[in-house]
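Accompanying notes for the structure given below.
The values are calculated or read from the model by the stated rules, or taken from the named source; none is laboratory data. Everything numeric here is computed off the predicted structure, so don't read it as measured data. Don't worry about glycine lacking a Cβ; one is built from the backbone with ideal geometry, like all the others, and counts go over all protein chains shown.
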Amino acid sequence: RTVYLNGEFVAEQDAKVSVFDRGFLFADAVYEVSAVLNGRLLDNAAHLARLARSCQALDLRLPCAPEEIEILQNRLIAENNLREGAVYLQISRGNSGDRDFDFPGETVSPTFLMFTQARPLIHHPKSQTGIRMVSVDDIRWQRRDIKTVGLLAPCLAKEYAHKHDADDALLVENGLITEASSSNAWIVDAGGTLITRPLSTHILHGITRQALLELAKQNDLRFEERPFTLEEAQSAREIFISSATTFIWPVVSLNGKAIGDGKPGDITAKLREIYVRMAVEVTGG
Ligand code: PLP
């Protein structure tokens with residue numbers, strides 16, 4: 001793979017980052033993941049707007065203007081002949097030459113890196129079979145709206161899920177589901193209404209979540225943005241998760257108990273179909 005590091009496109013084995021990089025020592029870094037379909041970025045303006053917001057919240061400088069970042073992303077997609085998958089980008093506060101908690105001054109420039117990941121989005125098997133989930137305590141920090149690389153809690157949640165015969169975890173705080181370990185969580189109630197948690201510092205403001213709410217509106221699907229409990233999820237008609245790299249995946253069981261009839265739900269399938277149609281259309285496939 002060709003990767004991007006601080007102004008250069010290089011072979012992945014030639015990309016070197018200092019041991020004193022603050023991303024490495026303090027997780028002092030933010031990231032974004034944009035989907036690529038038909039060789040084109042999907043909803044990238046929204047991802048770059050969230051990146052700017054994450055940077056601003058941490059007083060972290062954007063290495064260049066969003067429009068320039070997009071040019072670099074597109075060049076990386078072309079260099080790697082990526083048709084379907086994602087572009088990962090990360091900006092850390094850079095290498096301050098030692099381990100020191102204090103922010104370095106303006107003279108230290110951010111470390112900006114990007115790489116591509118090929119992966120099926122439209123025909124991913126999990127989108128058909130659905131996934132099994134378990135619930136775990138949400139032990140993350142209190143600013144989940146900032147997309148930082150401090151991802152140990154979700155790694156532990158996924159590892160716990162795998163050890164308990166599941167694919168992923170739903171995170172629970174005060175009896176309420178915040179989101180999934182790397183995606184937003186949704187339930188469908190008995191009347192067919194889509195329910196997802198409202199925006200706050202408790203969850204990441206998912207770009208796919210926002211697009212789905214917009215599509216639900218346009219397609220006259222009922223939805224509500226409100227917190228929901230683990231019990232509600234357990235007895236929901238359907239559960240699904242959303243993210244840039246899954247789009248929508250149905251959830252067929254939670255803590256070993258079937259959701260609905262234990263098969264991917266109809267409303268989930270319909271919403272996925274609407275999203276996929278939009279995604280294919282805007283990427284010119
Ligand atoms: N929530 C968390 C914790 C995530 O890590 C992600 C994506 O990685 C999402 C939600 C979904 O966000 P998006 O739709 O922007 O990919």
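Under the condition of being in contact with an Asp or Glu (Cβ under 8 Å, 6 or more places away or on another chain) and of a type in the set (Val, Ile, Thr), which residue from the stretch 106-133 is farthest from Ile187 (Cα to Cα)?
Ranking the candidates gives Thr111 first.
Which residue out of Ser127, Ser135, Ser96 is at pLDDT below 95, surrounded by 15 or more Cβ atoms within 10 Å (Cβ to Cβ) and either farther than 19 Å from Ile207 by Cα or more than 13 Å from the ligand (Cβ to nearest atom) (or both)?
After ruling out the rest, the residue left standing is Ser96.
If you take the residues of the stretch 28-48 that are surrounded by 15 or more Cβ atoms within 10 Å (Cβ to Cβ) and small (Gly, Ala, Ser), which of them is farthest from Pro104 (Cα to Cα)?
Out of the qualifying residues, it is Gly39.
Cβ-Cβ below 6 Å, separation at least six or inter-chain, first residue in the stretch 231-242 and touching a residue at least 24 places away in the same chain (Cβ under 8 Å), second within 16 Å of the ligand (Cβ to nearest atom) and of a type in the set (Phe, Trp, Tyr): which pairs?
Close Cβ pairs satisfying both conditions: Phe240/Trp186; Ile241/Trp249.
Name the helices (runs of 4 or more DSSP H) wholly inside the stretch 181-285 in which the number of residues that are in contact with a Ser or Thr (Cβ under 7 Å, 6 or more places away or on another chain) is 3 or more.
207-218
Considering only residues that are under 20 Å from Leu213 (Cβ atoms), within 13 Å of the ligand (Cβ to nearest atom) and of a type outside the set (Gly, Ala, Ser), which ones fall in the stretch 154-197?
Residues satisfying the conditions are Leu170, Ile177, Thr178, Glu179, Asn184, Trp186, Thr196, Arg197.
Gly206: buried (at least 22 other Cβ atoms within 10 Å of the Cβ) and at pLDDT 95 or above, yes or no?
It is true that Gly206 is buried (at least 22 other Cβ atoms within 10 Å of the Cβ) and at pLDDT 95 or above.
Taking the options Pro110, Pro104, Pro66, name whichever one is within 16 Å of the ligand (Cβ to nearest atom), more than 17 Å from the chain's Cα centre (by Cα) and either of a type in the set (Val, Ile, Thr) or more than 17 Å from Leu151 (Cβ to Cβ) (or both).
Pro66
Return the only residue of Pro110, Pro104 being in the same structural domain as Leu58 (by TED's automatic domain parsing), out of contact with any strand residue (DSSP E or B) (no Cβ under 7 Å at 6 or more places or on another chain) and closer than 30 Å to Val10 by Cα.
Residue meeting the stated conditions: Pro104.
Being at pLDDT 95 or above and within 16 Å of the ligand (Cβ to nearest atom) narrows it down to one residue among Asp59, Asp43; which is it?
Unique residue meeting the criteria: Asp43.
Scan the stretch 217-226 and tell me whether some residue there is of a type outside the set (Ser, Thr, Tyr) and either crowded, with 22+ Cβ neighbours inside 10 Å or within 10 Å of the ligand (Cβ to nearest atom) (or both).
No, the stretch 217-226 has no match at all.
Could you grab me the full set of residues in the stretch 204-215 that are within 22 Å of Arg237 (Cβ to Cβ) and within 11 Å of the ligand (Cβ to nearest atom)?
Within the stretch 204-215, Gly206, Thr208, Arg209, Leu212 meet the criteria.
Give the residue, chosen from Ala211, Ala244, that is surrounded by fewer than 22 Cβ atoms within 10 Å (Cβ to Cβ) and of a type in the set (A, V, I, L, M).
Ala211
Any residue at all in the stretch 64-75 that's more than 22 Å from Glu8 (Cα to Cα) and either of a type in the set (Lys, Arg) or free of Cβ contacts under 8 Å to residues at least 60 places away in the same chain (or both)?
Checking the stretch 64-75: not a single residue is more than 22 Å from Glu8 (Cα to Cα) and either of a type in the set (Lys, Arg) or free of Cβ contacts under 8 Å to residues at least 60 places away in the same chain (or both).
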